[in-house]
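Okay, so here's the structure we're looking at.
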Amino acid sequence: MKQVAIIGSTASGKSDLAIKVAQQTNSYILSIDSLSIYKEIDIVSAKPSKDELDTIKHFGIDEIYPNQHFSVEIFIQLYKNVLATCKKENKNLIIVGGTSFYLKSLLEGLSSLPNIDDKTNLHVKQKLKNLKECWDELYEIDKTYMSKISQQDSYRIEKAMLIYEASKLPPSKWFEQNPPTPIIKNLDIFNIEVQRTILRKRIENRTSKMIKMGLLDEVAYLEQKYTRKPNCMSSIGIVEVLEYFDNKISKNEMLEKISIHTAQLAKRQQTFNKTQFLKLKSAPLNELESIILKTF
């Protein structure tokens, strides 16, 4: 089987291109988008339409609910499951999306964790009842590692504490002794080049389209059902609508802020892609389809 990745900034046309290529190459699609993974977050995530999802089998979309935890480890397991399905059903795989950090994790892999028994798990869960004390203890043990972790990041604090309690090593020392193993060793990665002025216009048009599709109703529903606590509720497109609901900004200001913040995200994505992937093949959208097809 063949695997390729299509990346690019938000609103660059990745999803449409992936579907076109998939239709011609007997492929399934794995989405790497930090919002599309959630059920019920449909408009703000700019998911492919139901018709598009029915045309080609997609994975990584509508996998969990907004109040459920998601991590790189869970994503890697999802990828392994998808890979097994593709091999079983004799399909190629197209990995596509804007959260390129997930793609990087596949290429670099993750370090293994020490064996964690039930006693250690229970002990750490008790300690985590006081998250601040846990962070302080770990900071004394491993200042370098913990300085990169927020005192409110319960998931990463728990992981660091489990590593320390199970191995009796500072987390940074554990990772040094257990370097990551790549999950994918060879992968063609294609990046969509878009002129800034064109991209800004596409972002503005997409923002207007989201409003017409019912963005305000979607965010109101999500807030009512899940509150503002889940991490996904601080995403671009949601946080600005919540500001509008709070009467902090006008509707026009909300639209403008969504467009500005999306454009800023696009710039960060472009920088990340160009600096993190050394063998990147970049081309404009209208040229990329034929370039990708030649690799199959």
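The values are calculated or read from the model by the stated rules, or taken from the named source; none is laboratory data. Note that this is a predicted model, so its numbers are computed, not measured. Here the Cβ is made from the backbone with ideal geometry for all residues, glycine too, and neighbour counts use every protein chain on show.
Filter the range 231-256 down to residues that are outside any helix (DSSP H, G or I) and more than 18 Å from residue 99 (Cα to Cα), then give me how many there are.
Taking the range 231-256 as the starting set, the residues that turn out to be outside any helix (DSSP H, G or I) are 235-238, 246-250.
Right, trim to more than 18 Å from residue 99 (Cα to Cα) and you get 246-250.
The total comes to 5.
Among the residues making up the range 19-50, those that are in contact (Cβ under 8 Å) with a residue 60 or more places away in the chain, of a type outside the set (Ser, Thr, Tyr) and either within 19 Å of residue 203 (Cβ to Cβ) or touching a Cys at 6+ places or on another chain (Cβ under 7 Å) (or both) are 33, 35, 41, 42, 43, 44, 46. Can residue 244 be described as in the same structural domain as residue 32 (by TED's automatic domain parsing) and over 20 Å from residue 36 (Cβ atoms)? So residue 244 passes the test. Pairing residues of the range 168-190 that are over 19 Å from residue 74 (Cα atoms) with residues that are surrounded by fewer than 13 Cβ atoms within 10 Å (Cβ to Cβ) and of a type outside the set (D, E, K, R), at Cβ distances under 9 Å and at least 6 apart in sequence or on separate chains, gives 169/177; 170/144; 172/144; 178/112; 188/295; 190/295. So which pairs qualify, if the first residue must be in the range 108-130 and under 13 Å from residue 154 (Cα atoms), the second must be surrounded by 14 or more Cβ atoms within 10 Å (Cβ to Cβ) and of a type in the set (S, T, N, Q), the Cβ gap must be under 8 Å, and the two must be at least 6 apart or on different chains? Pairs that qualify, where the first residue is under 13 Å from residue 154 (Cα atoms) and the partner is surrounded by 14 or more Cβ atoms within 10 Å (Cβ to Cβ) and of a type in the set (S, T, N, Q), are 128/154. When you scan the range 124-171, how many residues do you find that are part of a helix (DSSP H, G or I), loosely packed, with under 14 Cβ neighbours inside 10 Å and not charged (D, E, K, R)? Total satisfying the criteria: 3.
For the range 1-104, the helices (runs of 4 or more DSSP H) that sit wholly inside it and include 2 or more residues that are under 25 Å from residue 276 (Cβ atoms) and assigned by TED's automatic domain parsing to the domain that holds residue 194 are 14-25, 72-88.
Got at least one residue in the range 180-199 being charged (D, E, K, R), modelled with pLDDT of 95 or more and over 30 Å from residue 82 (Cβ atoms)? Checked against the condition, which is being charged (D, E, K, R), modelled with pLDDT of 95 or more and over 30 Å from residue 82 (Cβ atoms), the range 180-199 yields no hits at all.
Checked against (1) surrounded by fewer than 19 Cβ atoms within 10 Å (Cβ to Cβ); (2) modelled with pLDDT of 95 or more; (3) over 22 Å from residue 182 (Cβ atoms), residue 38 passes all but a single condition, namely (1). The residues in the range 175-200 that are closer than 30 Å to residue 146 by Cα and not in a loop (DSSP other than H, G, I, E, B) can be counted, and the count is 3.
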